[in-house]
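A short worksheet on the structure shown next.
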Amino acid sequence: MQRGESVATAESLTAGRIVAELTSVPGASACVAGGAAVYFARTKHQVLGVAEEVVARHGTVSAECAVEMARGAARLFEATYAVAATGVAGPDEEEGKSVGTVFIAVVGPAGDVVRRLDLPGDRAAVTTASVRAALDLLIGVVHSEEHLE
């Protein structure tokens, strides 16, 4: 991101760890607009504008919710790109989804990308792998869009 672009995050199961990783890099303040850690469904709606009907129809652990979260973060922080993570870190299943079910979304100028992950391990392993996957997806989207120009 060398052309004045910016990035924001919307995080549920990762609770701010994605934005923490982004800001651990010197000079991050030039492109990291901000991040929102949102756990409750109502907070996803109130802060990020996730439509209540998306949560009612698909749940908070869904591709649709992840995309809405990323779009909301992009709007909230006026960012070029936004990455979102939502899922089940454990110890119990949630919304009928098993531990390790994670959805990562990245939105940017060329559109939206979302991935479902089925990650093994305990809470720490799932959240750590989710952060890594979110950063990898973000980097991949940014690099692919750079090549479109």
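On C-alpha positions alone, give me the angle between the axis of helix 123-146 and the longest principal axis of the chain, in degrees, nearest 10.
30
Got a number for carbon plus sulfur as a percent of the chain's accessible area, 1.4 Å probe?
On the chain, the fraction of accessible area on carbon and sulfur atoms equals 53 percent.
For segment 1-110, what does the relative contact order come out to in percent, with C-alpha contacts under 8 Å and a separation of six or more?
29
Subtract the Cα-Cα distance of A56 and A30 from 0.36 nm times their separation in residues, and report this length gain in nm to one decimal.
Full-extension gain reported as 5.6 nm.
To the nearest 20 Debye, how big is the dipole of segment 59-120 about its Cα centre, given +1 on the beta carbon of each Lys and Arg and -1 on that of each Asp and Glu?
240
With a 10 Å radius around each residue's Cβ, average the other Cβ atoms per peptide and rank 105-113, 19-27, highest first.
Highest to lowest by the protection proxy: 105-113, 19-27.
As I understand it, the value is the acute angle between the Cα axis of helix 63-77 and the longest principal axis of the Cα atoms of the chain; what does it come to in degrees, rounded to 10?
Tilt of helix 63-77: around 40 degrees.
Determine the order of F40, F103 by accessible area, beginning with the largest, at a probe radius of 1.4 Å.
Numbers: F40 120, F103 20 Å².
Of F40, F103, the descending order of accessible area is F40, F103.
Take the chain, connect every pair of alpha-carbon atoms lying under 10 Å apart with a spring to form a Gaussian network, then pick out the residue of I139, I104, I18 with the largest mean-square fluctuation.
Taking springs between Cα atoms under 10 Å, the residue moving most is I139.
Can you tell me what share of the DSSP beta bridges in the chain is antiparallel? A percent to the nearest 5 is fine.
60
For Y39, Y81, give me the order by solvent-accessible area with a 1.4 Å probe, most accessible first, ignoring ligands, DNA and RNA.
From most accessible down to least: Y39, Y81.
The values are calculated or read from the model by the stated rules, or taken from the named source; none is laboratory data. Quick caveat: nothing in here was measured; it's all calculated off a predicted structure. Every residue, glycine among them, receives a Cβ derived from its backbone with ideal geometry; neighbour counts consider all protein chains shown. Each accessible area value is taken on the protein alone, full model and side chains, heavy atoms only, with ligands, DNA and RNA left out. Shrake-Rupley method; radii C 1.70, N 1.55, O 1.52, S 1.80 Å.
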